[in-house]
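Some notes on the structure that comes next.
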Amino acid sequence: MNPSIPPYPPSRDLLTGKSVVITAAAGSGIGFATAKRCAEEGAKVMLSDWHERRLGEAVDQLVQEGFDVMGTICDVTKEDDVQGLINSAVKNFGKIDVMINNAGLGGQDNLAEMEDEQWFRVMDVTLNGTMRCSRAALKHMMGTEMGVIVNNASVVGWRAQAGQSHYAAAKAGVMALTRCSAIEAAPFGIRVNAVSPSIVNHPFLEKVSDPDLLARLESEEAFGRGAEPWEVANVIIFLASDLSGYMTGECVSVSSQRA
């Protein structure tokens with residue numbers, strides 16, 4: 001083990017009795033790591049993803065580990081799918097305590113060569129998808145006058161990086177959406193926050209990214225490595241739990257980058 005990677009944390013029952021919905025939770029990235037951490041902390045979890053096979057494998061893995069999880073197919077670019085996800089969670093859990101908007105799509109495209117479709121696709125998944133899921137969850141949570149929404153933003157919403165105009169603009173939008181919706185939701189006892197990770201190690205990122213770029217980005221981190229997905233999930237757990245009960249409208253950087 002890399003000596004700079006801390007031990008995997010034990011459960012502290014931070015979400016016992018809570019019901020949690022997570023988008024883009026299949027695979028090996030932040031979404032699945034967050035689903036696992038939520039289940040370990042005692043929550044009932046609804047995983048969602050657009051990829052049926054990967055979603056089934058993710059659910060099966062957590063069920064085999066003894067956790068209370070289920071899955072629902074959801075493409076966050078489709079309003080009917082989003083409504084189906086929320087309705088399924090309410091039907092099975094009775095309520096939604098926590099909505100975690102993890103779905104996002106990036107790419108490496110310089111603006112001068114970028115096609116409209118590349119821009120619109122990133123925006124529709126990353127920003128519009130977060131809006132759709134937040135809107136649907138808020139309508140339910142406002143009726144119960146409780147709930148937490150945690151969005152997945154990115155440090156590129158603050159920091160410039162070549163080839164990331166579409167992704168950075170979308171993530172900056174997620175940050176603004178987080179802040180404004182938090183003010184609207186506060187009178188109903190609902191909190192809305194976001195995490196903003198820097199570089200996170202997982203196979204999909206390695207598959208679609210230039211190895212030299214990843215190595216450079218990791219070298220710029222104070223610990224000289226990217227985060228493990230579960231290290232970001234830990235901060236999401238904090239924001240989802242009662243430990244962050246006074247926080248709303250905040251975008252928390254999950255980064256070891258030098259100031």
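Each value in this text was obtained by applying a stated rule to the coordinates, not by laboratory testing. Quick caveat: nothing in here was measured; it's all calculated off a predicted structure. Using ideal geometry, Cβ is built from the backbone for each residue, glycine included, and neighbour counts are taken over all protein chains shown.
Within the range 172-192, name every residue whose backbone N is under 12 Å away from a label modeled 7 Å from Cα of TYR246 along the Cβ vector.
none
Give, rounded to the nearest 20 debye, the magnitude of the charge dipole that the range 19-250 has about its Cα centre when Lys and Arg contribute +1 at Cβ and Asp and Glu contribute -1 at Cβ. Walk me through the numbers on the way to the answer.
On the way: 19 positive and 31 negative charges, 127 e Å.
With only Lys, Arg, Asp and Glu charged at Cβ, the dipole is about 620 debye.
Where q = 0.10, 0.14 Å⁻¹, what log10 of I(q)/I(0) comes from the Debye formula for the chain, counting one point per Cα?
Reported log10 I(q)/I(0), two decimals: -0.45, -0.93.
What does the charge count around VAL90 come to, taking other residues whose C-beta lies under 13 Å from its C-beta (Lys +1, Arg +1, Asp -1, Glu -1)?
Values: positive: LYS44, LYS91, LYS95, LYS139; negative: ASP97.
In short, +3.
At 0.36 nm per residue, and after removing the present C-alpha to C-alpha distance, how many nm does the segment from ASN87 to ARG121 gain when stretched out fully? Can you show the working numbers first?
Working: separation 34, 0.36 × 34 = 12.24 nm, distance 2.56 nm.
Difference between extended and current length: 9.7 nm.
DSSP H helices in the chain with Cα extent of 27 Å or more along the helix axis and mean Kyte-Doolittle hydropathy at least 0.0?
Answer set is 165-185.
Would you calculate the separation in nanometres between label points at ILE5 and HIS51, each defined as 7 Å from the Cα along the Cα-to-beta-carbon direction?
Distance between label points: 2.1 nm.
Sort the following peptides by mean Cβ neighbour count (other Cβ atoms within 10 Å, averaged over residues), highest first: 150-159, 120-129.
Ranked from most to least packed, the peptides come out as 150-159, 120-129.
Based on the mean of other beta carbon atoms within 10 Å per residue, what is the order of 12-24, 220-232, most packed first? Mind showing how you got there, number by number?
Numbers: 12-24: 21.3, 220-232: 17.6.
Top to bottom by mean Cβ count within 10 Å: 12-24, 220-232.
Highest mean first, what order results for 163-174, 136-147, 108-119 on Cβ atoms within 10 Å? Provide the component values of the computation, followed by the final result.
Numbers: 163-174: 21.5, 136-147: 17.5, 108-119: 11.6.
By packing density, highest mean first, the sequence is 163-174, 136-147, 108-119.
Rounded to the nearest Å, what's the spacing between the alpha carbon centres of the range 79-119 and the range 1-39? Just the number, please.
19 Å
What's the magnitude of the charge dipole for the range 1-150 around its Cα centre, counting Lys and Arg as +1 and Asp and Glu as -1 at the beta-carbon? Answer in Debye, nearest 20. Working shown, then result.
On the way: 14 positive and 21 negative charges, 129 e Å.
Dipole magnitude for the range 1-150 comes out near 620 debye.
Please work out how much length the chain gains when fully extended from CYS180 to LEU214, using 0.36 nm per residue of separation minus the C-alpha to C-alpha distance, in nm with one decimal.
On the way: separation 34, 0.36 × 34 = 12.24 nm, distance 3.28 nm.
Answer, rounded to one decimal: 9.0 nm.
Is it possible to state the helix-based mean residue ellipticity at 222 nm for the chain, with each DSSP H run of 4+ residues giving -39500 (n - 2.57), the sum divided by total residues, to the nearest 500 deg cm²/dmol? What is it?
Working: 9 runs with 111 residues, N = 259.
Taking each H run of at least 4 residues, the total per residue is -13500 deg cm²/dmol.
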